[in-house]
Amino acid sequence: MATIFEREHTVYMPTFKRQPVVLVRGEGCYVWDDAGNRYLDLVAGIAVNVLGHAHPALVGAVTEQAATLIHVSNLYYNKPQVEFAELVTSLTGMDQVFFTNSGAEANEAAIKLARKYGKLHKDGAYGIITATHSFHGRTLAALAATGQEKYQKPFAPMIPGFQHVPYNDLDALRAATSDTTVAVMLEPVQGESGIYPAEATYLRDVRSWCDSQGLLLILDEVQSGIGRTGTFLAAQGYGIAADITTLAKGLCGGLPAGALLASGAASCFEPGDHGSTLGGNPLVCAAGLATLRTILDNDLMTHAATAGQYFLERLEALKVQSGRIAVVRGRGLMLAMDLIDVSAADLVSAARERGLLLNNTGPGTVRMVPPLIITTAQIDDAMRILEEALATL
């Protein structure tokens, strides 16, 4: 009989480099494979499972809503969507929201919104400045916005209108601004490139530049949002607000969802400008309400900040002790380390064999984005396994 790996290779398009493990169950910060092995999960569905696995509040909300009303389309009103929209706009300070199914969709919508704003208020300006090493998604406009040629090259030519400048370089951004520029699009913490936070004053300076030039500031908080950095939006920790913000990943605790948020004149969509058949359906909105209320009720944003600082300090200590780590970076529970003469993929494998799930974002970079509920005892356990795994390489 064919293994599940062989069956997958036959029927599923080869777009993923998967770890050789079949996960069948999760609870809290742990998952189990089909052989009964338990793993401490520091990947969390790539920053998605903010409440961990099978959280009772999320399971209860999804179960109840699934037995009531799953989907009706956006041709009609539904109560969970309105309640969820009220909560998300309240937490972000933004005026209005549109729900999508993913982060890439949210970013596509943000690009459309900025272009419409340019037609209405900037004499048709449509150019968007983004950062090198950024990641905004794999759909065509989001891919053009992404500042990484390795993702773009197979699908060239790219959609025009995007210019990439070095991250944390205000002078480069200023120099790139022209009469055709309508917006600047940045991640407050670059995620897929290996967790690179914005420098302390950079986002405030970009906000000031956008204001002086009449540009929109779009912040992609697909990975950095939902309390992961210690505030609901990472931008709030930097003391700024965007004109347009995008969210996804942990927004609904594991169900597929994203959000486009906008304020003031930037919120300029009209009927027919955009849409989504599945976006914001009752099921995902009920899940989102349960997720965000649980984060608030349990003060998990504060916990993310304190647990993240503890984790960062433990990683810094391991860096000194092991001599195998070049740099440690992080903000809240977004953490990464660059290795010295060690393959990140080999470390991921060695850790997995010892019961710890990690993610490598490059040949020498390992990323950790655990559930917001992770405890210091679990962080200590992760550090023990990391130390043992590093010692074998």
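The values are calculated or read from the model by the stated rules, or taken from the named source; none is laboratory data. Everything numeric here is computed off the predicted structure, so don't read it as measured data. So basically every Cβ, Gly included, is an ideal-geometry build from the backbone, and we count neighbours across all protein chains shown. What goes into the accessible areas is simple: the full protein's heavy atoms, side chains included, and nothing from ligands, DNA or RNA. Shrake-Rupley method; radii C 1.70, N 1.55, O 1.52, S 1.80 Å.
Scanning the stretch 243-251 for residues that are part of a loop (DSSP other than H, G, I, E, B) and within 30 Å of residue 63 (Cβ to Cβ) turns up at least one hit. Quickly run through the stretch 321-338 and pick out the residues that are in contact with a helix residue (DSSP H, G or I) (Cβ under 7 Å, 6 or more places away or on another chain) and either over 22 Å from residue 309 (Cβ atoms) or part of a loop (DSSP other than H, G, I, E, B) (or both). Answer for the stretch 321-338, where residues must be in contact with a helix residue (DSSP H, G or I) (Cβ under 7 Å, 6 or more places away or on another chain) and either over 22 Å from residue 309 (Cβ atoms) or part of a loop (DSSP other than H, G, I, E, B) (or both): 324, 332, 333.
Residues are listed down the side, and each one gets a yes or a no for (1) of a type in the set (Ser, Thr, Tyr); (2) within 24 Å of residue 52 (Cβ to Cβ); (3) at pLDDT 95 or above; (4) open to solvent by 70 Å² or more (accessible area, probe 1.4 Å):
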| residue | (1), (2), (3), (4) |
| --- | --- |
| 308 | no, yes, yes, no |
| 313 | no, yes, yes, yes |
| 326 | no, no, yes, no |
| 347 | no, yes, yes, no |
| 364 | no, no, yes, no |
| 379 | no, yes, yes, no |
| 383 | no, yes, yes, no |
| 386 | no, yes, yes, no |
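Scanning the stretch 173-200 for residues being modelled with pLDDT of 95 or more, over 18 Å from the mean Cα position of the chain (by Cα) and over 10 Å from residue 131 (Cα atoms) gives a total of 11.
Applying the condition of being within 19 Å of residue 191 (Cβ to Cβ) and β-branched (Val, Ile, Thr) to the stretch 16-60 and asking which residue is least open to solvent (accessible area, probe 1.4 Å) yields 50. Taking residues in the stretch 12-34 that are over 12 Å from residue 52 (Cα atoms), and partners anywhere that are open to solvent by 40 Å² or more (accessible area, probe 1.4 Å) and in a loop (DSSP other than H, G, I, E, B), the pairs with Cβ atoms closer than 7 Å and at least 6 places apart or on different chains are 22/34; 24/34. Of the residues that make up the stretch 70-79, is at least one at pLDDT 95 or above, charged (D, E, K, R) and at positive phi? The answer is no; no qualifying residue exists. Of the residues making up the stretch 91-130, those that are free of Cβ contacts under 8 Å to residues at least 60 places away in the same chain, under 19 Å from residue 173 (Cα atoms) and assigned to a loop (DSSP other than H, G, I, E, B) are 125, 126. For the stretch 269-298, filtering for residues that are farther than 21 Å from residue 64 by Cβ and either of a type outside the set (Gly, Ala, Ser) or free of Cβ contacts under 8 Å to residues at least 12 places away in the same chain (or both) leaves 7. Looking only at the stretch 163-185, residues that are within 8 Å of residue 127 (Cα to Cα) and either β-branched (Val, Ile, Thr) or without any contact (Cβ under 8 Å) to a residue 40 or more places away in the chain (or both) come to 4 in all.
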